[in-house]
Amino acid sequence: MNQPIYHIAIFASGKGSNAEKIIDYFAYHPTIKVCCVLSNKKDAGVLDMASSKNIYVKPFSKQELENGAIARFLIEQKVDYIILAGFLLKIPQSLIALFPDKIINIHPSLLPNYGGKGMYGIRVHRAVIENKEKESGITIHLVNEEYDKGSILLQEKCFVAENDTAEDLAKKVQSLEHRFFAPCIEKYILQNG
């Protein structure tokens with residue numbers, strides 16, 4: 001009996017270091033394939049990176065995300081899961097309804113702390129440092145209608161040293177992202193089909 005193949009689409013807005021780790025992790029996977037990478041920024045580094053690995057890339061506008069064009073594209077590509085790897089636009093309700101519990105995001109803090117609208121990237125790390133937190137980390141979670149409020153799949157922590165800058169913390173958090181995001185995606189998909 002043939003195993004089912006699960007197709008994942010990665011949405012990203014930046015250079016794509018997390019997307020690259022995910023693409024590499026699943027490159028020879030028997031049941032999970034990255035079929036496309038989409039970005040709301042047509043000059044995002046993630047598009048060049050994915051193209052160089054022979055992954056189909058699609059830049060799109062916010063309007064295309066909201067008017068259903070991207071949803072239609074994902075259906076055509078037979079996408080089963082959407083992975084948000086540094087994607088900065090809010091996912092519309094219509095797309096969440098089309099992929100219930102099948103959109104996974106990574107956030108660079110221990111949610112519910114430092115989540116919500118406008119809290120991404122270096123802004124999160126600055127807030128953690130300013131508040132003199134002793135630890136930070138990553139949260140991998142499902143996406144629902146509210147920013148950073150979906151069910152948590154995994155949290156991993158790192159220590160915040162007294163003299164850490166936001167940039168130092170960003171490096172620590174990114175190393176957790178690179179280590180845990182792809183295996184967490186794999187586990188979730190294989191458990192939930």
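The values are calculated or read from the model by the stated rules, or taken from the named source; none is laboratory data. In this text the structure is predicted, and so the values were computed from the model without any measurement. Cβ: placed from backbone, ideal geometry, glycine included. Neighbour counts: every protein chain shown.
Summary table
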item	result
Any pair with Cβ under 6 angstrom, 6 or more apart, that starts in segment 26-51 at a residue that is aromatic (F, W, Y) and ends at one that is buried (at least 19 other Cβ atoms within 10 Å of the Cβ)	F26/I32; F26/V34
Identity of the residue in segment 72-92, among the aromatic types (F, W, Y) and under 12 Å from the mean Cα position of the chain (by Cα), that ends up modelled with the highest pLDDT	Y81
Top-ranked residue of segment 152-173 - restricted to ones that are touching a residue at least 24 places away in the same chain (Cβ under 8 Å) and assigned to a loop (DSSP other than H, G, I, E, B), ranked as nearest to I104 (Cα to Cα)	V160
Qualifying residue in segment 139-149 (condition: surrounded by 19 or more Cβ atoms within 10 Å (Cβ to Cβ), of a type outside the set (S, T, Y), touching an Asp or Glu at 6+ places or on another chain (Cβ under 9 Å) and farther than 15 Å from K102 by Cα)	no
Qualifying helices (runs of 4 or more DSSP H) (wholly inside segment 23-140; at least 1 residues being small (G, A, S))	45-52, 69-76, 93-98, 121-130
Residue in segment 181-192 that is of a type in the set (S, T, N, Q) and free of Cβ contacts under 8 Å to residues at least 12 places away in the same chain present	yes
Residue that is farthest from S175 (Cα to Cα) [pool: residues in segment 1-20 that are under 11 Å from the mean Cα position of the chain (by Cα) and not in a loop (DSSP other than H, G, I, E, B)]	A9
Qualifying residue in segment 174-189 (condition: touching a strand residue (DSSP E or B) at 6+ places or on another chain (Cβ under 9 Å), crowded, with 19+ Cβ neighbours inside 10 Å, assigned to a loop (DSSP other than H, G, I, E, B) and not charged (D, E, K, R))	no
